[in-house]
Structures are given as structure tokens and as C-alpha cells.
Amino acid sequence: MQSSGSRCFLKLILRPLAHLHRPSIGMTRYVGRFAPTPSGALHFGSLVTALGSWLDARASGGSWLLRIDDLDTARVKAGADAQILHQLDEHGLNWDGIPRRQSEHLAEYQDAVERLQKVGLLYACRCTRAQLAAMIPQGQDDPEPIYPGTCRDAGLPDRDAALRFRVPSGSPISDFVVRRRDGAPAYQLACAVDEAAQGITDVVRGADLMSSGIRQQLLMQALGLPIPRYRHLPLVLDPSGRKLGKRNESRPLEAAEASANVAAALAVLGQAVPVEAQRLPVSDLTRAAIDRWRPDQIPSTPHKVT
């Protein structure tokens, strides 16, 4: 049973995103980040996200950090993390500090889970993948679709169960998993903890993660963590309309095409592209793009490659 204190708390944290209070960000120096999953090489869609994030940080005089999102061990490919770093370097995107690896911070995520449990914001869920798939309305494409609350008031033991975060019934965002059945932290929780641990003030990423931002901000407020500012970039789609991605075996970025790749990514982001872009060294092209960065020119619609 959800306590009245929990209900009042959740009403508070479910304010529209535009009105969320960010007391810990204030005038803090800009710190951005890029957080790839080491499941394969970067592709053009990855470059658009990385470049947009990098330019926003550099144009603001800030830092740009890396995080390797390697919690989903089933997707991790040996050597992919080193390949990703090499590709970023080849495309003129330098980073600050040492990349943070999620797999090295499991204790931090467990601490966050325990804190949420203590205030009654988590409950055990034993719904199987098959059961969850059967609950999803046809055509719903949210990576975390609406959960009907089957286990919310069941009072199940935590052992061998997933843990879900309580969100008020009727909200566009339903109760979501923060700890998987195998005990591993879920993406939403790890991301919320990571942003605070790295001091991230600004998150620039693909529009497909907009709903994830809502979930992560709920967790940040519940844990008393600072909430970054968010900017979402247009998705890059293949000719059939699918998002470019490693799962779709999208073509990896090649060093020989670095300047052409960056020029094309700038165009997707609605930025000015020098006429001589493809003849410039990639480091010159990215440096010039910092001075020309105009985030208000970023399109709000996806870009389909041909």
C-alpha cells in the first residue's frame, strides 16, 4: 500500500519538465557528456548525437565527459569500447578526463536502490517478459511501455524479483523497473546516478530518449540529486524509416570519411557547413563549428538518409 507521504511526494515530482526546479545547477560551469553502449562501432546516427553534445559543451566553454554504458553485458562486445574512443578521436571529438564505466560503480547503484526502498517508493514485480509483451497495446513503441500495475499492491518479496518505482496511476509514465530480476541495476536508475556522479549539468541526446528523461528526473528528485538541463536532437532514420542503430547493422564510421561524416552531421543538426568542409582536416572543421554553433537551428523532425 502506498503511503500518503509517498503520494504527496510523487504529486510534487510529477510537475511538467519545463517547470522543474534545478537549484544545484544554477550558474555552474557547463558539463556535458556522451554515453555510448559498447555493443559495436559508432555509426552516423551516433556521430550526430556525439557531435551535437560536443559542440554544445565546447561552445559553452564547458567540459565534455564520456561514460561507457556497459551494464547490459549481453550486448557488450569485446573491444567495442576502445573502438568507440578511437572513432571519436578520428572525428575530432576530444573528451575531458577518464571515461566512467558503469560496470565499475555497482555499489553506487545498489545504494540508490536501498535509499528508494527505505522511503517506500519501490515494489517487487514478478511479471515475466512474455506477460509484459502481452500487455503492450498494438502500435505502442515506447521502450518502456505503460505497465498496468499488476504487482503494485501484491506485497511480493524482493527475492528473485524486479523492483519498480512507484508512479501515480493515470500518469503518462507508468511504474518502471530500477532493478532487474537478476539484481542488476536498470538503465534508468544507473543513468540518474551517473549524471550526478559526473556532475553533468547538460544532457544532449537523441529524441528517442525523451521519455527516459522523465523517468530519470523522477529518480533524481526522489534521491535528492541535481537535475540537468536537457536538449534532444533529431533522430537519423534509414531509407525504410527505422532509426539507425547497431542492432540494425548500420554502417560503421570510417576514418577516411571523417570530414565528410562531420559535415553531413552538421547539416542534420541544421548548422552552417563550410563549402570546403570535405577538404578540411577534421580537427579544423570541428573547431570552426564551435564558433558557428546555433542550437536554435536544430530541426525538431527526424532526418532520413537516402
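Our summary of shape: the Cα atoms of the chain have principal axis extents of 64, 42, 34 Å, ordered from largest down, in whole angstrom. Per the helix-only calculation at 222 nm, which mean residue ellipticity applies to the chain, given -39500 (n - 2.57) for every DSSP H run of n ≥ 4 and division by its residues, nearest 500 deg cm²/dmol? For the chain, the value works out to -10500 deg cm²/dmol.
Counting only alpha carbon atoms, the long axis of helix 210-223 and the longest principal axis of the chain meet at about 50°. Translational diffusion of the range 202-306 was estimated from the Stokes-Einstein equation, with Rh taken as the Kirkwood radius over Cα pairs; at 20 °C and 1.002 mPa s the coefficient is 136 µm²/s.
Couplings 3J(HN,Hα) for the range 78-86, derived from phi with the Karplus relation 6.51 cos²θ - 1.76 cosθ + 1.60 (θ = phi - 60°), are 4, x, 5, 4, 5, 5, 4, 4, 5 Hz, where x marks Gly and Pro. Here the contact order of the chain, divided by its residue count and restricted to Cα pairs under 8 Å and six or more residues apart, works out to 23 percent. Under the shape rule built on the C-alpha gyration tensor, where the axes satisfy a ≥ b ≥ c, the range 48-117 is oblate, since a/c reaches at least 1.5 while a/b does not exceed b/c.
Axis of helix 106-118 versus longest Cα principal axis of the chain: the two differ by about 40°, to the nearest ten degrees. Over all pairs of different C-alpha atoms in the range 190-254, the reciprocal of the mean inverse distance, the Kirkwood hydrodynamic radius, equals 13.5 Å. Expressed as a whole percent, how much of the Cα-Cα distance distribution for the range 247-306 exceeds 19 Å? Beyond 19 Å sits 35 percent of the P(r) for the range 247-306.
Put simply, the amide H of residue 100, placed in the peptide plane, has neighbours under 5 Å in 66, 67, 68, leaving out anything fewer than 5 places away on its chain. Only beta bridges with both residues in the chain are counted; by DSSP, about 45 percent of them are antiparallel.
If you only keep lysine pairs separated by 8 or more in sequence, or across chains, how many in the chain come under 20 Å at the Cα atoms? Summing the qualifying lysine pairs gives 4.
Between 0 and 90 degrees, the angle of helix 187-197 with respect to the longest Cα principal axis of the chain falls at about 70 degrees. Ranking 278, 241, 177 by how far each Cα lies toward the positive end of the dipole of the chain (charges on Cβ) leaves 177 at the top. Spin-label pair residue 131-residue 288: with each label point 7 Å from Cα along the Cα-Cβ axis, the two points sit 5.9 nm from one another. Remark: the chain carries a charge dipole of roughly 840 debye about the Cα centre, counting +1 on each Lys and Arg Cβ and -1 on each Asp and Glu Cβ.
Read the figures in this text as sums done on the coordinates, not as results from a lab. Small disclaimer: the values here were computed from a predicted structure and weren't measured. No Cβ is skipped: glycine too gets one built from the backbone with ideal geometry, and neighbour counts run over all protein chains shown.
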